[in-house]
Amino acid sequence: MSIHPTAIVAAGAQIPTSCTVGPYCTIGPNVILGEDCELVSHVVLDGHLTMGAKNRIYSFACIGISPQDLKYAGEPTAVVIGDNNSIREYVTISRGTKGGGGTTRVGSDCLIMAYTHIGHDSQIGNGCILANSATLAGHVIVEDFAVVGALCPVHQYCRIGRYAYIGGGTTITQNVLPYSLTSIERNNHAYGLNKVGLERKGFTPQQLKELRAAYRTLLAAKLNTSDALAAIRETIAAGNAGEHVAYLADFIANSERGIIK
């Protein structure tokens, strides 16, 4: 068994010899690990936690910790995790509560990205992806192969159907249909030149004037992007715009995903 000398492993914890426990990890007395698990460093495993084989837990993840529920009074509730999961930095997974069934579950083959929170009594299926800072309140169900995008809060008791995809930044307050693409509407706009910021960085009045004219052509001239780009190129060719407008034009021309305007 590879246990770093700075790790603290309580008596009673069951850790196979195939596991690796990195520096400064803390493992409680009721933790059971499967074969070939790796704790990178500074991992906290607590409570009645049972974890399958070949899970990799990254630094500062906390699994099996007390639920964030004022009604919780220290009951011996649990977390059960399957096999072959990647649980990234600063993930928190709370154990269950007596009133919620007592067990928080995560299936197998999941990718749980940094800063994700899985609240008490939640049930995560197999093959799921929870992107950075996905925040699941208590009692949430995420069915097999669903994807929860970055920065998505999910209200308690919501259910996310199998194979659903939730776009980043979407607030979920009702159930998400299986097989669906669900996302918040994105009406992003470029509102003009970052004049104050550019002045602070030493842009001259002439450079600001040139950029302002280019942005007026791009945003306010009622031209499509291709026509606006051609008009901007004409000002550059005529010597009426310098390097920053040229960079702007090249940026637009090379934007394969399009631009926000």
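The values are calculated or read from the model by the stated rules, or taken from the named source; none is laboratory data. Nothing here was measured: the structure is a model prediction, and the numbers come from that model. Counting neighbours? That spans all protein chains shown, and the Cβs are built from the backbone with ideal geometry, glycine included. Heads up: the accessible areas ignore ligands, DNA and RNA and are worked out on the full protein's heavy atoms, side chains in. Shrake-Rupley method; radii C 1.70, N 1.55, O 1.52, S 1.80 Å.
Along the three principal axes, how long is segment 85-159 when you take its alpha carbons, biggest first, rounded to the nearest angstrom?
Projected onto its principal axes, the Cα set of segment 85-159 covers 28, 21, 20 Å.
Return the single residue from 251, 145, 60 with maximal mean-square fluctuation; model: Gaussian network over the chain, springs between Cα atoms under 10 Å.
Result: 251 has the largest fluctuation of those listed.
Give the residue list of trypsin sites (Lys or Arg not before Pro) in segment 69-109 that are DSSP loop and have at most 15 other beta-carbon atoms within 10 angstrom. If you can, show how the numbers build up before the last one.
On the way: sites: 71, 88, 95, 98, 105; in loops: 71, 88, 95.
Hits after loop and neighbour filter: 71.
Out of these labelled values of semi-axes √(5λ) of the Cα gyration tensor in Å, (1) 50, 22, 16; (2) 26, 24, 17; (3) 35, 21, 18, which was calculated from the coordinates shown here?
(1)
Quick query: amide H of residue 176 versus all other amide H atoms, modeled in the peptide plane; which residues come in under 5 Å with a sequence gap of 5 or more or a different chain?
For residue 176, the qualifying residues are 159, 160, 161.
So what's the convex hull volume per residue for the Cα atoms of segment 52-103, in Å³?
Working: hull volume 3.8 nm³, N = 52.
About 74 Å³ per residue, rounded to a whole number.
Please determine, in degrees from 0 to 90 and to the nearest 10, the orientation of helix 205-215 with respect to the longest principal axis defined by the Cα atoms of the chain, where the helix direction is its Cα long axis.
Between the helix axis and the principal axis of the chain, the angle is about 80 degrees.
Name all residues of segment 58-97 having a backbone nitrogen under 19 Å from the label point set 7 Å from the Cα of residue 162 along its Cα→Cβ direction, giving them as ranges.
Inside the label zone: 82-83.
Where a Cα-Cα gap under 23 Å defines reach, which lysines qualify for residue 261, not counting those fewer than 8 residues away within the same chain?
195, 209, 222
Suppose each label sits 7 Å from its Cα in the direction of the beta carbon; what would the residue 86-residue 230 distance come out to in nanometres?
Distance between the two pseudo-spin positions: 4.6 nm.
Counting each DSSP H run of 4 or more residues in the chain as -39500 (n - 2.57), what helix-only mean residue ellipticity at 222 nm follows after dividing by all residues, to the nearest 500 deg cm²/dmol? Numbers along the way, then the final one.
Details: 4 runs with 41 residues, N = 261.
For the chain, the value works out to -4500 deg cm²/dmol.
Give the angle, between 0 and 90 degrees and rounded to the nearest 10, that separates the Cα long axis of helix 225-237 from the longest principal axis of the Cα atoms of the chain.
In the chain, helix 225-237 runs at an angle near 50 degrees to the longest axis.
Could you sort 121, 144 by accessible area so the largest value comes first, with the probe set to 1.4 Å?
Numbers: 121 5, 144 60 Å².
Descending order: 144, 121.
Mind giving me the nanometre distance, one decimal, between the label points for residue 171 and residue 194, set 7 Å out from Cα along Cα→Cβ?
2.7
For a Förster distance of 22 Å, can you work out the FRET efficiency between the beta-carbons of residue 20 and residue 111, rounded to the nearest 0.05?
Between residue 20 and residue 111 the formula returns 0.65.
Would you please calculate the Kirkwood hydrodynamic radius of segment 218-261 over all C-alpha pairs and express it in Å, rounded to one decimal? Please report the intermediate quantities before stating the final value.
On the way: mean 1/r = 0.0932 Å⁻¹.
Kirkwood hydrodynamic radius for segment 218-261: 10.7 Å.
Please list, in chain and number order, the residues 5+ apart from residue 38 or on another chain whose amide H is under 5 Å from its amide H, with Hs placed from the backbone.
Those qualifying (amide H under 5 Å, at least 5 residues apart or on another chain) are 20, 55, 56, 57.
Which residues' amide hydrogens lie under 5 Å from the amide hydrogen of residue 26, considering only partners 5 or more residues apart or on another chain, with H built in the peptide plane?
Those lying under 5 Å, H to H, from residue 26 are 8, 43, 44, 45.
Which aspartates and glutamates, on any chain, are close to residue 98 with Cα under 12 Å apart, when same-chain ones fewer than 8 places away are left out?
Straight-distance partners of residue 98: 69, 75, 121.
For residue 66 and residue 11, compute 0.36 nm times the residue count separating them, minus their Cα-Cα distance, and round to one decimal in nm. Present the calculation step by step, with values, prior to reporting the outcome.
Working: separation 55, 0.36 × 55 = 19.80 nm, distance 1.98 nm.
Stretched out fully, the residue 66 to residue 11 stretch lengthens by 17.8 nm.
Over segment 177-261, one equal point on each Cα, no solvent: what is log10 I(q)/I(0) by the Debye formula at q = 0.16, 0.23, 0.26 Å⁻¹?
-0.67, -1.19, -1.40
For the chain, set up a Gaussian network in which alpha carbons nearer than 10 Å are linked by springs, and say which option among 47, 242, 161 fluctuates the most.
In the Gaussian network model the winner is 242.
Pairwise over distinct Cα atoms, reciprocal of the mean inverse distance: report the Kirkwood radius of segment 72-218 in Å, one decimal place. Before the final figure, lay out the partial values.
Values: mean 1/r = 0.0578 Å⁻¹.
Across segment 72-218, the inverse of the average 1/r is 17.3 Å.
Report the Cα-based extents of segment 1-155 along its three principal axes, largest first, to the nearest Å.
41, 31, 20
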